[in-house]
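> Handing you this structure, nothing more for now.
The values are calculated or read from the model by the stated rules, or taken from the named source; none is laboratory data. Everything quoted here is computed from the prediction, not taken from an experiment. Heads up, the Cβs are rebuilt from the backbone with ideal geometry, glycines too, and the neighbour counts pull from every protein chain shown. Just so you know, the surface numbers come from the protein's heavy atoms only, side chains and all, with ligands and any DNA or RNA stripped out. Shrake-Rupley method; radii C 1.70, N 1.55, O 1.52, S 1.80 Å.
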Amino acid sequence: VCVCVSVLISSHMRPLCSCHPLREGYTPPTLSSENLIGLSRARRPHNAIFINFEDKEVPMGPLEAAVQNWQRVCNHPNERRAEEEMRKLFEMRPVWSRNAVKSNLEIHPEKLKLLLPYVAYYMLTGPWRSLWVRFGYDPRKDPKAKAYQVLDFRIRCGMKHGYTPNDMPVKAKRSTYNYSLPITVNKTVPQPASLQEITQSLEGPSNASGRKPAPLRYKLKESAYVFREGTLPPYRQMFYQLCDLEVESLKKIIYQNDGEEEECNERDGWCVSKTSDQLRDIMSGMIKQIIRSKRPALFPTKAKRSSTSSAAGALDMESGEEEEEEDDE
């Protein structure tokens, strides 16, 4: 019996060994990154530098292509001002999430995609995954970088938590308006403005009277990246940096080992082991209290709970899946 290795090319499975010859007249397609199905999506062509936690060194500056991309569009005072403000942000704090930047900087999203790779590199894995880090700064060598670590927080739902996803006064991050499966019909969505259109709208009048249109506003609200007691997150899944958790009880857990950090590891960074789990538990309790105050009917009395225990058992499977997602870091 021959055990051969097969390569998945487009939608065809073709054996590599000689005991299973290809049919006559068949020419196998050429292997390339375009027709191989991979586990991760292709990198977006904005010339960002991507770093993994296990990489030895961090980049000291941007790729030449990233420099050219930004200089090509940096032809208006607004862009030069945005670049200056961006550099000040990274001087004040060397690690930022995209949402945190968008909440502190007035810039069109398409231009932000070109500016970020010009001033920072992107961490793919570890405690600072999905964050932008200032060139030359290595958070793995600085215990103070504990404050900039990311927390993947998801609002827990299910009958055992007291409410189902449909009951929650918080929307999901993705919706059918801007996301669809390959088998669904694409909906018409607003197309992003071109860089030329943006520049023209900033430079010249748009009507016969000579008045310029009201300036566009792209800034996000503070709640897009800051967690405060008594407020609900804007989405069911949020990526917070630890320094943006503005709750005293959470800060005590984060900084409990200040001055005693010895090693930075991929799961907990500079924090004490299981710190993320403790933070999620406290935050989930706070969220539950807020939802209880907004929708008290979702939390029945003990007598009502006993009469609905069978229904709760059937729906707990959903909450179990949610917890499974939360543990997958």
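> Look at Y122 and say whether it is under 14 Å from the mean Cα position of the chain (by Cα) and farther than 18 Å from V226 by Cα.
Criteria met by Y122.
> If you go through the range 49-86, how many residues are under 22 Å from the mean Cα position of the chain (by Cα) and either exposed (fewer than 15 other Cβ atoms within 10 Å of the Cβ) or within 19 Å of T125 (Cα to Cα) (or both)?
Number satisfying all stated conditions: 9.
> Could I ask something else about it? Kindly indicate whether A303 is at pLDDT below 65, open to solvent by 30 Å² or more (accessible area, probe 1.4 Å), farther than 30 Å from K56 by Cβ and of a type in the set (G, A, S). Break it down into steps so the answer makes sense when it comes.
Details: at pLDDT below 65: yes; open to solvent by 30 Å² or more (accessible area, probe 1.4 Å): yes; farther than 30 Å from K56 by Cβ: yes; of a type in the set (G, A, S): yes.
For A303, the condition - at pLDDT below 65, open to solvent by 30 Å² or more (accessible area, probe 1.4 Å), farther than 30 Å from K56 by Cβ and of a type in the set (G, A, S) - is met.
> Within the range 110-142, how many residues turn out to be surrounded by 23 or more Cβ atoms within 10 Å (Cβ to Cβ) and of a type in the set (V, I, T)?
Number satisfying all stated conditions: 1.
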